[in-house]
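The values are calculated or read from the model by the stated rules, or taken from the named source; none is laboratory data. These numbers were taken from a predicted model, which means no experiment stands behind them. As a convention, Cβ positions derive from the backbone with ideal geometry for all residues, glycine included, and neighbour counts pool all protein chains shown.
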Ligand code: CAA
Ligand code: NAD
């Protein structure tokens, strides 16, 4: 099966990055979100990224115009998905909301359409089995920021077919991503390791072990991480991080209990860079 038309549902942090890399690779992309302001925000982020690449001489102005012309922003799910060869779901990390979306999508998309999900940790098998095409359903986990991070983690659900895996693998390679293949497991491979590490940094902060700046400097200079775990939490979004930790806790128990400080910040609406404040203040 050849993929030509890609539908990205969700124009937030990850959705607009995925739409951008798909358009860069030559796919026709529809990018859908529930409100015009989210779609506009997604397009602005893509424009900003591409303009930076033009300024750096990485792409021409003409190439930028062509990439943008391949992306159709919309709030109309039917318009976005009706000719899709693949839908990539990139909406909020809430199981029931994702299930409801796939329920709507399966009434719209062509019968050959594949379902991909960019969930950070929700069971692919559970999402897939609630759809009408569990064998044509797979986890395609990108990393933030999508245009920069080289990895694509592919997660097989219980019924994902070998053919779907092969198509997803080839598609990922056309996006210039390095693919790893992971079996169904809570938080998959990377977040299983990464999110507890970030969570532990919040425990250390809450216990007064060191300041946020010193924890981050320690992990940057002591472990060669590009940014510290608390700054990374702000980049990822504390709401997403909390959901991943809650998923791990519900599967494995209190070894993975989310740090109270993450909950407090989420309740305060301080979700990180995307809201202007998280552990750090980005408004100044
Ligand atoms: N979008 C697109 N490009 C971006 C970007 C963004 N949001 N932010 C930075 N870049 C680009 C810059 O333009 C620059 O490009 P060039 O090399 O072409 O000049 C390059 O990235 C480096 O940027 P900077 O020099 O401005 O800053 P930096 O050196 O600090 O790098 C970073 C920024 C790449 C984000 C780096 O800090 C980093 O690697 N951080 C860790 C990211 C990470 O771990 N991501 C995974 C998060 S977990 C996840 O995604 C999974 C999940 O489910 C939660
Ligand atoms: P985000 O909050 O930036 O964006 C989510 C978008 O989904 C919002 O624009 C919202 O309006 C939209 N949305 C919500 N319900 C919708 C619906 N029914 N239909 C269409 N759009 C809807 O979140 P994000 O960081 O882009 O995360 C999206 C998904 O990607 C989540 O599943 C998350 O776990 C996963 N993910 C996030 C990261 C990260 O670092 N932030 C990394 C990998 C995977």
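Criterion first (crowded, with 22+ Cβ neighbours inside 10 Å, part of a loop (DSSP other than H, G, I, E, B) and either free of Cβ contacts under 8 Å to residues at least 40 places away in the same chain or not assigned by TED's automatic domain parsing to the domain that holds residue 241 (or both)) does residue 87 satisfy it?
The answer is no for residue 87.
Looking across segment 126-148, the residues that are without any contact (Cβ under 8 Å) to a residue 60 or more places away in the chain and within 16 Å of ligand 2 (Cβ to nearest atom) come down to 126, 127, 128, 130, 131, 137, 138, 139, 140, 141, 143, 148. May I ask you to verify whether residue 181 is surrounded by 15 or more Cβ atoms within 10 Å (Cβ to Cβ), free of Cβ contacts under 8 Å to residues at least 40 places away in the same chain and in contact with a helix residue (DSSP H, G or I) (Cβ under 9 Å, 6 or more places away or on another chain)? For residue 181, the condition - surrounded by 15 or more Cβ atoms within 10 Å (Cβ to Cβ), free of Cβ contacts under 8 Å to residues at least 40 places away in the same chain and in contact with a helix residue (DSSP H, G or I) (Cβ under 9 Å, 6 or more places away or on another chain) - is not met. Count of segment 198-210 residues, restricted to those that are touching a helix residue (DSSP H, G or I) at 6+ places or on another chain (Cβ under 6 Å) and either part of a loop (DSSP other than H, G, I, E, B) or surrounded by fewer than 17 Cβ atoms within 10 Å (Cβ to Cβ) (or both), is 1.
Have a look at 135, 163 and point out the one that is over 19 Å from residue 98 (Cβ atoms) and part of a helix (DSSP H, G or I). Please lay out each step first, then the result.
On the way: 135 fails: over 19 Å from residue 98 (Cβ atoms).
After ruling out the rest, the residue left standing is 163.
In the condition set (1) over 21 Å from the mean Cα position of the chain (by Cα); (2) surrounded by 13 or more Cβ atoms within 10 Å (Cβ to Cβ), residue 225 is compliant with all but (1).
One residue alone among 35, 93 is in the same structural domain as residue 24 (by TED's automatic domain parsing), closer than 30 Å to residue 133 by Cβ, within 11 Å of ligand 2 (Cβ to nearest atom) and surrounded by fewer than 13 Cβ atoms within 10 Å (Cβ to Cβ), and that residue is 35.
Residue by residue through segment 115-125, note down the ones that are free of Cβ contacts under 8 Å to residues at least 60 places away in the same chain, buried (at least 23 other Cβ atoms within 10 Å of the Cβ) and not in a loop (DSSP other than H, G, I, E, B). 115, 116, 117, listed by residue number.
Look at residue 241 and say whether it is assigned to a helix (DSSP H, G or I) and surrounded by fewer than 22 Cβ atoms within 10 Å (Cβ to Cβ). Explain how you work it out, then say what you get.
Numbers: assigned to a helix (DSSP H, G or I): yes; surrounded by fewer than 22 Cβ atoms within 10 Å (Cβ to Cβ): no.
Judged against the criteria, residue 241 is not a match.
Picking from residues in segment 267-282 that are in a loop (DSSP other than H, G, I, E, B) and in contact with a helix residue (DSSP H, G or I) (Cβ under 8 Å, 6 or more places away or on another chain), the one that is farthest from ligand 1 (Cβ to nearest atom) is 269. As a summary of the residue check, residue 250 satisfies the conditions (1) within 16 Å of ligand 1 (Cβ to nearest atom); (2) farther than 10 Å from residue 202 by Cβ except for the one numbered (1).
Here is a yes/no grid of residues against (1) within 28 Å of residue 49 (Cβ to Cβ); (2) out of contact with any helix residue (DSSP H, G or I) (no Cβ under 6 Å at 6 or more places or on another chain); (3) surrounded by 13 or more Cβ atoms within 10 Å (Cβ to Cβ); (4) free of Cβ contacts under 8 Å to residues at least 24 places away in the same chain:
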| site | (1), (2), (3), (4) |
| --- | --- |
| 158 | no, no, yes, no |
| 165 | no, yes, yes, no |
| 174 | yes, yes, yes, no |
| 187 | yes, no, yes, no |
| 216 | yes, no, yes, yes |
| 219 | yes, no, yes, yes |
| 229 | yes, no, yes, no |
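Per the conditions (1) at pLDDT below 95; (2) under 19 Å from the mean Cα position of the chain (by Cα), the sole criterion not satisfied by residue 130 is (2).
The single residue among 229, 258 that is closer than 27 Å to residue 148 by Cα and not assigned by TED's automatic domain parsing to the domain that holds residue 123 turns out to be 229.
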